[in-house]
Amino acid sequence: MKHDIFLDDVIRKIPNFPKPGILFYDITGILINPPAFSYCINKMISLYKKTDIDSIAAIESRGFVFAAPLAEALGLPLVLIRKKGKLPGKTFSASYALEYGTAEIEVHQDDIKKGQKLLVVDDLIATGGTLNATKNIIERAGASVTEFFGIVGLPFLNYKDKLGDTPVTTLIEYFS
Ligand code: AMP
């Protein structure tokens, strides 16, 4: 495990949720602990305040919680990546495989400009399927992803295989 005793203490681990065999890492323990939440947002600010990004893309829904304070602190636009059917304007969308079935995400076409560099933020990176689909719609808009960020990473699910050369940063990693 990446050494972060503080975060490990507040992330609840729930076996067999939402399905048998899945160990669920519950970040709501961070949100109800103000020092832990500040710790995460401050780390994110120090990681990205000097980087060359134009905009932050946040994944519905727990990604919103971490991306919004970061975007506000850095004075950058916040682009919402939403589940299909939630955005009222013209969208780009992508389907991707889940463990069972498929999911579809969308982004407003007008929210991303050609040539922009985006940081993509989610709460947890598991297989990387959601982030890969996000990259796909960002690239369709003519922009690019400079980095993926998650509070928690589960590298044993091999997200790097899906995410190619794009850097991935997490604050804490678990190996089972
Ligand atoms: P993936 O597309 O496989 O990387 O899954 C990422 C999304 O699923 C993230 O937005 C997480 O919130 C959620 N997720 C997947 N696996 C877990 C897990 N073991 N614990 C908590 N959340 C998870």
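Which one is nearest to Ala57 (Cα to Cα), of the residues in segment 102-127 that are among the charged types (D, E, K, R) and surrounded by fewer than 17 Cβ atoms within 10 Å (Cβ to Cβ)?
The qualifying residue nearest to Ala57 (Cα to Cα) is Lys117.
Taking each residue of segment 114-125 that is more than 15 Å from Ala68 (Cβ to Cβ) and of a type in the set (Val, Ile, Thr) and looking for partners that are more than 11 Å from the ligand (Cβ to nearest atom) and not in a loop (DSSP other than H, G, I, E, B) with beta-carbon atoms closer than 8 Å, six or more apart or interchain, yields Ile125/Thr170.
Between Leu80, Leu76, the distinction of being assigned to a loop (DSSP other than H, G, I, E, B), over 30 Å from Gly21 (Cβ atoms) and under 17 Å from the mean Cα position of the chain (by Cα) belongs to Leu76 only. Scanning segment 102-136 for residues that are in a strand (DSSP E or B), away from the ligand (no atom under 12 Å from the Cβ) and among the hydrophobic types (A, V, I, L, M, F, W, C) returns Val107, Leu118, Leu119. Being surrounded by 18 or more Cβ atoms within 10 Å (Cβ to Cβ), among the aromatic types (Phe, Trp, Tyr) and away from the ligand (no atom under 16 Å from the Cβ) is a condition met by at least one residue of segment 46-66.
Checking every residue in segment 46-56 against the condition of being among the small types (Gly, Ala, Ser) and farther than 17 Å from Ala126 by Cβ gives at least one match.
Within the option set Glu139, Glu173, Glu99, being surrounded by fewer than 17 Cβ atoms within 10 Å (Cβ to Cβ), closer than 24 Å to Ser38 by Cα and either away from the ligand (no atom under 12 Å from the Cβ) or touching a residue at least 24 places away in the same chain (Cβ under 8 Å) (or both) holds for one residue only, Glu173. Considering the conditions (1) free of Cβ contacts under 8 Å to residues at least 24 places away in the same chain; (2) surrounded by fewer than 18 Cβ atoms within 10 Å (Cβ to Cβ); (3) touching a strand residue (DSSP E or B) at 6+ places or on another chain (Cβ under 7 Å), Ser144 is excluded by exactly one of them, (1).
Here, each number is a calculation from the coordinates, and none is a lab measurement. Please read these numbers as outputs of a predicted model, since none were measured by experiment. Every residue, glycine among them, receives a Cβ derived from its backbone with ideal geometry; neighbour counts consider all protein chains shown.
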